[in-house]
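The values are calculated or read from the model by the stated rules, or taken from the named source; none is laboratory data. If you're wondering where the values come from, they're calculated on a predicted model, not measured in any experiment. Note: ideal-geometry Cβ built from the backbone for every residue, glycine included; neighbour counts use all protein chains shown. To get the accessible areas, we keep the full protein, side chains included, count just its heavy atoms, and leave off ligands, DNA and RNA. Shrake-Rupley method; radii C 1.70, N 1.55, O 1.52, S 1.80 Å.
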Amino acid sequence: MQIEQLFPEFEPGLIAEIREHAEIVTFKEGQVMLRKGQYFKSTMLVIEGLVKIYREDDEGNEFFMYYLQPGEACALSMICAMRHETSGIMAIAVKDSILVSIPLTLMDTWMGTYKSWANFVLGTYRARFEELLTTIDDVAFRNMDERLEFYLQRQAENLGNLLPLTHQQIADDLNSSREVISRLLKKMEQLGKCKLHRNSIEFLGVS
């Protein structure tokens, strides 16, 4: 495991406990990792791959929240796990992913034993909270064309400029319709901000 490289702030004792007690879990690209309403039995640290976190309402409509990269963990899952609450989010592997599963009992113990773990958990809360504020600002204060451009920029930061996304996938993430997204993407292409390909979009940058 690449624990030392991905989490250099962890004390040697903490790394040793992770190696001894944690379980390695793998997910294939496209595999659902977590569903709304599930209870957490552990928290996950991302070692390889890319994980998409999103919300889903009772009618199946989706809303993209953020990605988890190697060296990160989901703050919302940590909160629900420690409070023994069900999940209000969904998670799916965007790429083949490897995660470290840490039992809940160890999470609680490590908070008082290892300062680096406590700092990591608090830092994870803060990072995700700031990202959620950005998402809220995007929804509350931007028009759909601005939201789409901002969304594509965020996707490009994680997936590269050639985005393997369909118009329907983007519409689902932004809780919009495919027709609206297609029209706005065509407008962005005319402005030289992207190039549209079959089942992919080449993002050329923001204005």
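Observations on the structure shown:
- Expressed as a whole percent, the proportion of Cα-Cα pairs in the chain lying more than 23 Å apart is 49%.
- Spin-label model, ARG178 to ARG35: label points 7 Å out along the Cα-to-beta-carbon direction sit 2.4 nm apart.
- Think of the chain as a dipole: +1 on every Lys or Arg Cβ, -1 on every Asp or Glu Cβ, centred on the Cα centre; then among THR135, GLN190, GLN2, GLN190 lies furthest on the positive end.
- The gain in end-to-end length when the MET82 to THR105 segment is fully stretched comes to 7.4 nm, 0.36 nm per residue minus the alpha carbon separation.
- Cα-based reach from LYS41 at 20 Å (exclusive), listing aspartates and glutamates while leaving out same-chain residues under 8 positions away: GLU17, GLU20, GLU23, GLU72, GLU85, ASP108
- Mean separation of Cα contacts under 8 Å (6+ apart) over length of the chain, as relative contact order %: 21 percent
- Pairwise Cα inverse-distance average, inverted: Kirkwood Rh of region 91-169 (Å): 15.8 Å
- 15 Å reach of a label modelled at SER116, 7 Å along Cα-to-Cβ, counting backbone N of region 66-108: 71-72
- For the Cα trace of region 38-100, dividing Rg by the Kirkwood Rh returns an Rg/Rh value of 0.96.
- The mean accessible area for residues of the chain, using a 1.4 Å probe and ignoring ligands and nucleic acids, is 53 Å² per residue.
- Along its three principal directions, the equivalent ellipsoid of region 1-76 from the Cα gyration tensor extends over semi-axes of 27, 13, 11 Å, largest first.
- The magnitude of the dipole of the chain, with charges of +1 and -1 set on the Cβ of Lys/Arg and Asp/Glu and taken from the Cα centre, is near 420 debye.
- Cβ-Cβ FRET estimate between GLN153 and LYS195, R0 fixed at 22 Å, reported to 0.05: 0.90
- Of all accessible heavy-atom area on the chain, the percent that carbon and sulfur account for (1.4 Å): 50 percent
- With the convex hull drawn around the C-alpha atoms of region 8-124, the volume per residue stands at 93 Å³.
- The stretch between GLU11 and LEU162 holds 50.5 nm of extra length on full extension. This uses 0.36 nm per residue minus the Cα-Cα distance.
- Pairs spanning more than 29 Å between alpha-carbon atoms, out of LYS28/LYS187; LYS95/LYS195; LYS36/LYS187; LYS52/LYS186; LYS52/LYS193: LYS28/LYS187; LYS36/LYS187.
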